[in-house]
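The values are calculated or read from the model by the stated rules, or taken from the named source; none is laboratory data. Keep in mind the model is a prediction, meaning the values are calculated, not measured. With ideal geometry, Cβ positions are generated from the backbone for all residues, glycine too; neighbour counts draw on all protein chains shown. Ligands, DNA and RNA are excluded from the accessible area calculation, which covers all protein heavy atoms including side chains. Shrake-Rupley method; radii C 1.70, N 1.55, O 1.52, S 1.80 Å.
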Amino acid sequence: MEYYLIDTHAHIDMLTNMEEAIKNAIYNNIKKIILPCAYPNDLKKIYEITQKYENVYGLLGVHPSEAKDWNDGLINKIKEYATSPKIVGIGEIGLDYYWDRSFNDIQKEVLIKQIKLANELNLPICIHDRDAHKDTFDILKLYNKNSEIVMHCFSGSTKFAEECVKEGWYLAIGGVVTFKNAVKIKEVAASIPLDRLLLETDCPYLSPEPHRGQENQPAYTKYVAEKIAQIRNISYEEVAEITSRNAEKVYKI
Ligand code: NI
């Protein structure tokens, strides 16, 4: 049985050496990489990387921290690039109340616009939710009609995880699950149904143990898979198979 991993959230464009990281991912059996967009000015760059590397797929969108840079002209740009089969979703979009709460309303407005765009294009949505669980949940419930939802870098409680699972959303877990004191995410990793689980690195950030503090990269998805297998007391192969199948299903890759 052949098994492999998929890194469903990797900012490889921000790495010191993207080319090397892609090679290293292939060498470590990370078969597919999903590259999200954060900044409006990066849409073209993300698109171009997906055209250059066969195993890299792209998401297009504007990160909540950049919401003030949103303009409606971006909608047509995203639509144009999204005609490529290598663009597989809208993201990362959402709410981030951790860094700056001074423009929550703009963040919400920009999130809603991008949910509507994803619905129109019938693409899945990759959600960034930091310290904004309730508002994120409420907005998705109210505005999302037909897009699959991925809660990237899930950071909520088991209770919030249950609520998301009940909605049919996917939860993506990354390197934090390997951190010694990260109790909450370990509980989530142990309890959510396997058919809702995705793996990610969120590189260059949040490098898992034993590389904590260093620059993260897609190859390190394997440490996340190992940790989840250990927590759930199942095999690494099973985690690989199920999470890869989930990623392929939600992003149609
Ligand atoms: Ni990200």
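Look at (1) away from the ligand (no atom under 16 Å from the Cβ); (2) in contact (Cβ under 8 Å) with a residue 12 or more places away in the chain and you find that L198 fails only one, number (1). Every residue in segment 129-160 that is of a type in the set (S, T, N, Q) and assigned to a helix (DSSP H, G or I), please. Matches in segment 129-160: T136, T158. The condition of being within 16 Å of the ligand (Cβ to nearest atom), part of a helix (DSSP H, G or I) and open to solvent by 20 Å² or more (accessible area, probe 1.4 Å) does not hold for Y205. Within segment 64-73, the set of residues being over 18 Å from K134 (Cα atoms), open to solvent by 10 Å² or more (accessible area, probe 1.4 Å) and either within 13 Å of the ligand (Cβ to nearest atom) or in contact (Cβ under 8 Å) with a residue 12 or more places away in the chain (or both) comprises E66, K68, D69, W70, N71, D72.
Only one of C126, C164 is more than 14 Å from the ligand (Cβ to nearest atom) and either open to solvent by less than 20 Å² (accessible area, probe 1.4 Å) or in contact with a Pro (Cβ under 7 Å, 6 or more places away or on another chain) (or both); which? Unique residue meeting the criteria: C164. Pairs linking a residue in segment 109-122 that is of a type in the set (D, E, K, R) to a residue that is part of a helix (DSSP H, G or I), with Cβ atoms under 8 Å and 6 or more positions apart or on different chains, are E109/A67; K113/I75; K116/Y143. Filtering segment 129-147 to residues that are in contact with a Gly (Cβ under 8 Å, 6 or more places away or on another chain) and more than 16 Å from the ligand (Cβ to nearest atom) leaves only H133.
Yes or no, residue by residue, for (1) modelled with pLDDT under 95; (2) over 23 Å from E248 (Cβ atoms):
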{"residue": "M1", "(1), (2)": "yes, no"}
{"residue": "L5", "(1), (2)": "no, no"}
{"residue": "L15", "(1), (2)": "no, yes"}
{"residue": "E20", "(1), (2)": "no, yes"}
{"residue": "A25", "(1), (2)": "no, no"}
{"residue": "N29", "(1), (2)": "no, no"}
{"residue": "D42", "(1), (2)": "no, yes"}
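When each of I46, I34 is tested for being in contact with a Gly (Cβ under 6 Å, 6 or more places away or on another chain), crowded, with 21+ Cβ neighbours inside 10 Å, on the phi < 0 side of the Ramachandran plot and modelled with pLDDT of 95 or more, the lone residue that passes is I46. Of everything in segment 179-220 that is within 18 Å of the chain's Cα centre (by Cα) and on the phi > 0 side of the Ramachandran plot, the residue that is modelled with the highest pLDDT is D202. Among the criteria (1) in a loop (DSSP other than H, G, I, E, B); (2) farther than 18 Å from I125 by Cα; (3) not acidic (D, E), the one A25 does not fulfil is (1).
Of all residues in segment 77-96, exactly one satisfies the criterion of being surrounded by fewer than 23 Cβ atoms within 10 Å (Cβ to Cβ) and within 16 Å of the ligand (Cβ to nearest atom), namely D96.
Among the residues making up segment 142-161, those that are farther than 18 Å from L117 by Cβ and either aromatic (F, W, Y) or open to solvent by 70 Å² or more (accessible area, probe 1.4 Å) (or both) are F154, K159, F160.
Residue count for segment 4-27 satisfying the condition of being farther than 19 Å from L198 by Cα and either without any contact (Cβ under 8 Å) to a residue 40 or more places away in the chain or in contact with a strand residue (DSSP E or B) (Cβ under 9 Å, 6 or more places away or on another chain) (or both): 11.
Would you confirm whether or not segment 11-20 contains a residue that is under 18 Å from C203 (Cα atoms), in a loop (DSSP other than H, G, I, E, B) and open to solvent by less than 50 Å² (accessible area, probe 1.4 Å)? Checked against the condition, which is being under 18 Å from C203 (Cα atoms), in a loop (DSSP other than H, G, I, E, B) and open to solvent by less than 50 Å² (accessible area, probe 1.4 Å), segment 11-20 yields at least one hit.
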